[in-house]
Amino acid sequence: MQPLIKNGLLVENDPWAVFEAGEDGAFPEYALLPLSFWVSQGDEIRDSVFKLGAVLRAGDEIDALIPYLPQLKVIAFEFEKFADGRAFSFARQLRSEHAFTGEIRAFGDILPDQVNYLQRSGFDAFVLRSEQEAETALALGNTFSVQYQSDAVQSQPLFRRRVS
Amino acid sequence: MYVYDSYDQQLVDQRVAQFREQTDRFLDGELAPEEFLPLRLQNGLYIQRHAPMLRIAVPYGLMSSTQLRRIASISRDYDKGYVHFTTRQNIQLNWPALEDVPDILGELAEVQMHAIQTSGNCIRNTTTDQFAGIIADEIEDPRPWCEIIRQWSTLHPEFAFLPRKFKIAVNAATATDRAAIRFHDIGLQLVKNEEGETGFQVFVGGGLGRTPLPGQEIRSFLPTEDLLSYLDAILRVYNLKGRRDNKYKARIKILVKAMGIDAFRELVEAEWLKYKDGDDKLTSAEIDRVKGHFSAPAYEALNDQADLLAQQRFEDPQFDKWLSRNVEAHKQPGYAAITVSLKKPGYAPGDATAEQIDIIADLADEYSFGELRVSHQQNVILSDVRQQDLYSLYQKLTALGLAEPTVGTLNDVICCPGGDYCALANAKSIPIAEAVQTRFDDLDYLYDLGDIDLNISGCMNACGHHHIGNIGILGVDKKGEEFYQVSLGGDSGIQGKVGKILGPSFKADQIPDVIGKVLDTYVEQRHDDELFLDTVHRIGLDPFKERVYAASH
Ligand code: HEM
Ligand code: SF4
């Protein structure tokens, strides 16, 4: 299993599993459902007793998910290529504009070196590609103690906090 | 100029430590080359034809003599003792070793410099007029705004993996645009509205490369305190909607063109309204803090020295030439700004040796309050020289080969490194610049021709801005042979025009003749004091075509 980091710690036994739209059988108890699922059946499953999340893939947009945010425990963005930076902006919108407080997870092709920016954009969970990369990601946690801009975590840009 | 406080310093120091660790991991094989790529690019490091190339940021072209001396020593210690000044007010080292780059960045950080985001698909160095703050024709000094943008864009977490690179330029002059803002992803023009308040006219979607397009107005007036939230909104829309399937269609210009400016504006304004009155609204305390760093140097109360200069010009005709071409009027009485020309025929345009750089730094200390600017025409500016000192400064520059009195003329060529250095080139560009400079070395002829921008790029990436040269030359490859396409009528200024292609391309050795015929046509057809550019636009390309192609067949 690929290592999951959440809030700066390695998490054992992550219960969440992706449930593909075409799959047979019952939902897993903690189901990450693709966007198409939410678009077609969102109104029916929104009151389900299961713990539900969403998976967004390259090309998906968040708009259709917005009505279901209160039901969503996790929104997971799958990175097909690490250089595709769209999810950074989606995460920022989810946190700052839509006040989403559930987990925002990154998985797929992400680099340990991206974790800091992802975190600042609103992600709080990261599935790294290997144990070694997870360790690197944890070790890189304190690289920067200064930031100029506001972000999803720190709403005040440096110019409002600067003491000179 | 802006001086780092402990926050700014800490950030660049930590950035160096971060890159050192990343380089170690790459050298240990833990980071694959394609994974190291965006990390090194965002620290200015390309891998080039002969060696890596390191692009060092000179924020909005301004630097101190201390910083320039450090560049000289770095080029000596880690490179071959010369550097290249680029068309985006940056400095490039052409031969550093990869393993040395963390140390080089460490040395830069010691003098408040860095290479952050000088390449890669992120927000690049913000550029402006090289005469910012010293010319009379200016709404206000644009440099504090550039610094505010620098801080906002530096390590912006959301915009480090954009579809493509992103460049912002600011202009504050009303009658000129030396920053070519219409050819940037975002161009900001400082303006005053009817109430007399200062704001920005915002252009978006300009760029060169394969698809040259002037930016379009997205907002006629943006209050200055809303600058950062508005930039965030444009970048967010671009980050989400820009194409990622084809890198040649990934710049914001393609998105704006495809959507149309009105639809694009609607998205941006909708996004902006959500954040506009939040914490990113600039405070007057912050604006004043940054402006405080750009206060005027300790000018002496002097008068303009018209008589003295007239006398010196009369006695030394060479000085007269230099004064007319390389000296710019200053708003402070008794002062002038001078351009140190890096365009000596026989030397690559924009190149300077470590020795020259050290001496330029000394001259800046002696004559210009220890500050210098880098221009996008690839020259260096001493911006605050006493008029009474011009003659002695001129003599020193002459001795160094840095007083070529050709600023703004045909011989002040803008030229990319081309096939001699660049892996992407279709053709060499530096030898073309030299051939033209050698052919047209008669100063009286050059002066008679007046202002002409000649821009040369070695391929359609357009690093030499050939599209917006009054005369543009582009290297093209035809079945493995180097050819050159010539265009006329480009304009980097307020009008912002892309040049039109004259016709079939030429071989390298034909270029001086072709340029000669273009110039002859101009001289014959021009009205009195008409500039080359204006003649081209008045008479169109046909007379030039007839002349150039008639004789060559
Ligand atoms: C030698 C290494 C270099 C490489 C590999 C390189 C590569 C490129 C590429 C690929 C582009 C096009 C980007 C796009 O598609 O938008 C570009 C654009 C540009 N380059 Fe370079 N370049 C190099 C050196 C330089 C130098 C030395 C200068 C300055 C003299 C320069 C100035 C520019 C500028 C101003 C643009 C922007 C054109 C635009 O707005 O589209 N480059 N470069
Ligand atoms: S224009 Fe082409 S040849 Fe010239 S530096 Fe840019 S990429 Fe290289």
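A few notes on this one:
- If the convex hull is drawn through the Cα atoms of the protein assembly as shown, its volume per residue in Å³: 174 Å³
- Chain B shape via C-alpha gyration tensor axes, a/c threshold 1.5: rounded
- Size of electric dipole in the range B:414-549: Cβ of Lys, Arg +1 and of Asp, Glu -1, about Cα centre, debye, nearest 20: 700 debye
- Relative contact order [Cα under 8 Å, 6+ residues apart], the range B:306-368, whole percent: 14 percent
- Think of it this way: in chain B, B:Cys122, B:Cys146, B:Cys415, B:Cys422, B:Cys459 stand alone, with no other Cys Cβ under 4.7 Å.
- Note on the range B:414-549: Cα convex hull, mean projected area over all directions, 7.8 nm².
- Size of charge dipole - the range B:6-110 - debye, nearest 20, with Cβ of Lys, Arg +1 and Asp, Glu -1, no other charges: 600 debye
- Measuring nothing but how far apart in sequence close Cα pairs (under 8 Å, 6+ apart) lie, relative to its length, the range B:103-171 scores a relative contact order of 45 percent.
- Adding -39500 (n - 2.57) for every DSSP H run of four residues or longer, then dividing by how many residues the protein assembly as shown holds, sets the calculated 222 nm ellipticity at -10500 deg cm²/dmol.
- Oblate is the label for the range A:1-84. Its Cα gyration tensor axes, ordered a ≥ b ≥ c, give a/c of at least 1.5 and b/c at or above a/b.
- Entries in A:Lys6/A:Lys73; B:Lys165/B:Lys241; B:Lys478/B:Lys545 that, when Cα-Cα distance is taken, lie over 19 Å: B:Lys478/B:Lys545
- Percent carbon-and-sulfur accessible area, the range A:1-129, ignoring ligands, DNA and RNA, probe 1.4 Å: 50 percent
- Placing unit charges on each Cβ (+1 for Lys and Arg, -1 for Asp and Glu) gives chain B a dipole about its Cα centre, and among B:Phe294, B:Thr409, B:Tyr335 the Cα reaching farthest toward its positive end belongs to B:Thr409.
- Among A:Val11, A:Ala31, A:Thr143 - extreme Cα towards positive end, dipole of the range A:1-158, charges at beta-carbon: A:Thr143
- Other protein chain C-beta atoms within 10 Å of residue C-beta, averaged over A:144-155: 6.
- Pairs beyond 32 Å (Cα-Cα), from B:Lys257/B:Lys291; B:Lys253/B:Lys274; B:Lys167/B:Lys321; B:Lys80/B:Lys500: B:Lys257/B:Lys291; B:Lys167/B:Lys321; B:Lys80/B:Lys500
- Heavy atoms of B:Tyr2: accessible area, 1.4 Å probe, square angstrom to 10: 20 Å²
- A 1.4 Å probe run over the protein chains yields, for the range A:58-164, 38 Å² of accessible area per residue, whole-number rounding.
- Low-density loop cleavage sites - trypsin sites (Lys or Arg not before Pro) in the range B:497-553, where at most 15 other Cβ are within 10 Å (DSSP): B:Lys507
- Where A meets B: accessible area buried, both sides, 1.4 Å probe, Å²: 4000 Å²
- Highest average packing first - B:305-313, B:36-44, Cβ atoms within 10 Å: B:36-44, B:305-313
- Stretching the chain fully between B:Asp28 and B:Ser295 yields a gain of 91.3 nm (0.36 nm per residue, less the alpha carbon separation).
- Rounded to the nearest 20 debye, the dipole size of the range B:306-400 about its Cα centre is 400 debye, using +1 on the Cβ of Lys and Arg and -1 on the Cβ of Asp and Glu.
- Rel. contact order, % - alpha carbon contacts under 8 angstrom, at least six apart, chain B: 12 percent
- B:Ala550/B:Gln318 FRET efficiency (R0 30 Å; Cβ-Cβ; nearest 0.05): 0.20
- Prolate/oblate/rounded label for the range B:58-160 (Cα gyration tensor, a/c 1.5): oblate
- For chain B: accessible area per residue (Å², 1.4 Å): 36 Å²
The values are calculated or read from the model by the stated rules, or taken from the named source; none is laboratory data. Predicted model only: the values in this text are computed from it and were never measured. Using ideal geometry, Cβ is built from the backbone for each residue, glycine included, and neighbour counts are taken over all protein chains shown. These area figures cover heavy atoms from the full protein model, side chains too; ligands, DNA and RNA do not enter into them. Shrake-Rupley method; radii C 1.70, N 1.55, O 1.52, S 1.80 Å.
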